[in-house]
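The values are calculated or read from the model by the stated rules, or taken from the named source; none is laboratory data. This one's a predicted model, so the numbers in the text were calculated from it and none came from an experiment. Here the Cβ positions follow ideal geometry from the backbone for every residue, glycine too, while neighbour counts run over all protein chains shown. Protein only, heavy atoms only, side chains kept; ligands, DNA and RNA dropped before computing areas. Shrake-Rupley method; radii C 1.70, N 1.55, O 1.52, S 1.80 Å.
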Amino acid sequence: MDCHEFLAQMAELLDGDMAASAADAFDRHRQACAHCRTALATVEQMRRLYADERFFAMPEGASERLRQSLAAGLEEPLAPAALRPAAAVPSSAAAAPRRRGWLGFGADTGRLRALAWAAAAAVVVLAVGVARWQASASTTSGWLVDSHCYAAYKSHPGDHPSDCFIKCATSGKTVGIEDAQGRFHPFNARGRAQAIAAVEASHRKDHLWVTVKTAPASGPALDVVALTLGDPAAAR
Amino acid sequence: MPESGTAVEDDLALVRRACSGDREAFYTLVSRYERGLFRSALAITRNQADAEEVVQETFLRAYEHLNQFRAEAKFQTWLTQIALNTARMKLRKAHAGLWESLDEPRATEDGFLPRDVAEWRENPEQRLGRVEIETILHHALQGLPPGYREVVALRDIQMLSTQETADVLGMSVANVKTRLLRARLQLRERLAGPLGKRA
Ligand SMILES: [Zn+2]
């Protein structure tokens, strides 16, 4: 067992999931390797400290304050949900009539049909454009990251959580792709917008692997034309 | 301590009673989970006032949406998901623009092989005061990337199981384990200064 395997087994051990068959080799490495021995001892000590309920405890009076705010909150017209009529879920009830009103008002069928034709025409134009572009495009895959978190997640970019990415992207940090060589390539504005949209539309919390189609002769920022979230295993 | 002989009423039964208007049943759930939720909320939001608000809002929202709770899920997991979302929103609001500087990541490349690992002194509790240790633990946690801080908060501070942590975060158990290992090793390294033998 080497140090990498030891650490992997250490994770299992701490979760109580270490296989009995691994125990001997684990113990031998622990006795032979001072680094790993110390790593295990200090991680165990650290867990004991964080688990100790004297730390991060609710301050005095917090429990009472919680009950006071609940007493006030639960008195509100918020009758227990099961007693309400089924349709009256608060959030959708407020939004639904407005939506109906907007659709119903002034939307005559003739105009809708014209819109549909315009949309169909746009798809045709788009398809021709895409076909022309595809002849000279290139495809690149990698991890979707932002410049802010790039250093922290560099050796394991698949861990970069999607909400962290969105937070960074919307606060103006440069977003881009980390290629197989571990280099960071920023996106242009179009790529940035596509990356945000793709992450927001997906339910992935991590493993933000993307395939991007870039226009040839990109400048310092990748000229992203199309971007899709995918599976790193499938892409390799 | 539950009295021997009387089974502790399970969460689902309490949720059902609370749904039919039994406030006491809901308060039993509050007592059961307030401390755990507070601990992880504090680890994520970084201050007591925010953590208190997170816990209050979590229980209010839970009560309001109790009829949407699905019996297949675990109540604690559902509750913790609400708390995590509330904590994230709070963090986003309160620290917009500020959190980057607090979070400046350190490059810990080459994976995380333990090289030159400093030993710690035994039982820092005997050498340092409670507040001092808490400050050290808190500070070390704040230096982690948000994705790592959350996994430690749920697993090692709120003491959820690996499966529950995975359910709350919407990740696989295998991913939780890998992320947790990296987070713990980074955290360990951050604590080696203040808790190490050379300190
Ligand atoms: Zn080793």
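Couple of notes before you dig in:
- Selected residue [closer than 26 Å to B:Ile133 by Cβ, within 9 Å of chain B (Cβ to nearest Cβ) and within 14 Å of the ligand (Cβ to nearest atom)] from A:Cys36, A:Cys3: A:Cys36
- Qualifying residues in the stretch A:48-58 (those that are in a helix (DSSP H, G or I) and surrounded by fewer than 16 Cβ atoms within 10 Å (Cβ to Cβ)) - the one farthest from the ligand (Cβ to nearest atom): A:Ala51
- Only one of B:Arg88, B:Arg70, B:Arg32, B:Arg23 that is within 22 Å of B:Thr162 (Cβ to Cβ) and within 11 Å of chain A (Cβ to nearest Cβ): B:Arg88
- Of all the listed residues (B:Thr178, B:Thr165), the sole one being assigned to a helix (DSSP H, G or I), at pLDDT below 95 and among the hydroxyl-bearing types (Ser, Thr, Tyr) is B:Thr178.
- Restricting A:Lys154, A:Lys205, A:Lys173 to those that are open to solvent by 60 Å² or more (accessible area, probe 1.4 Å), at pLDDT below 85 and in contact with a helix residue (DSSP H, G or I) (Cβ under 7 Å, 6 or more places away or on another chain) reduces the list to A:Lys205.
- Within the stretch B:170-182, being buried (at least 21 other Cβ atoms within 10 Å of the Cβ), within 9 Å of chain A (Cβ to nearest Cβ) and free of Cβ contacts under 8 Å to residues at least 40 places away in the same chain holds for B:Met171, B:Lys177, B:Arg179, B:Leu180.
- Single match in A:Gln31, A:Gln9, A:Gln45 (criterion: assigned to a helix (DSSP H, G or I), within 14 Å of the ligand (Cβ to nearest atom) and surrounded by 17 or more Cβ atoms within 10 Å (Cβ to Cβ)): A:Gln9
- Of all residues in the stretch A:22-36, those that are within 13 Å of A:Leu7 (Cα to Cα) and among the basic types (Lys, Arg) have Cβ atoms under 8 Å from Cβ atoms of residues that are assigned to a helix (DSSP H, G or I) and within 11 Å of the ligand (Cβ to nearest atom), 6 or more apart or on another chain, in A:Arg30/A:Phe6; A:Arg30/A:Cys36; A:Arg30/A:Arg37; A:Arg30/A:Leu40.
- Those residues of the stretch A:12-28 which are part of a loop (DSSP other than H, G, I, E, B) and either in contact with an Asp or Glu (Cβ under 8 Å, 6 or more places away or on another chain) or within 14 Å of the ligand (Cβ to nearest atom) (or both), in sequence order: A:Met18, A:Ala19
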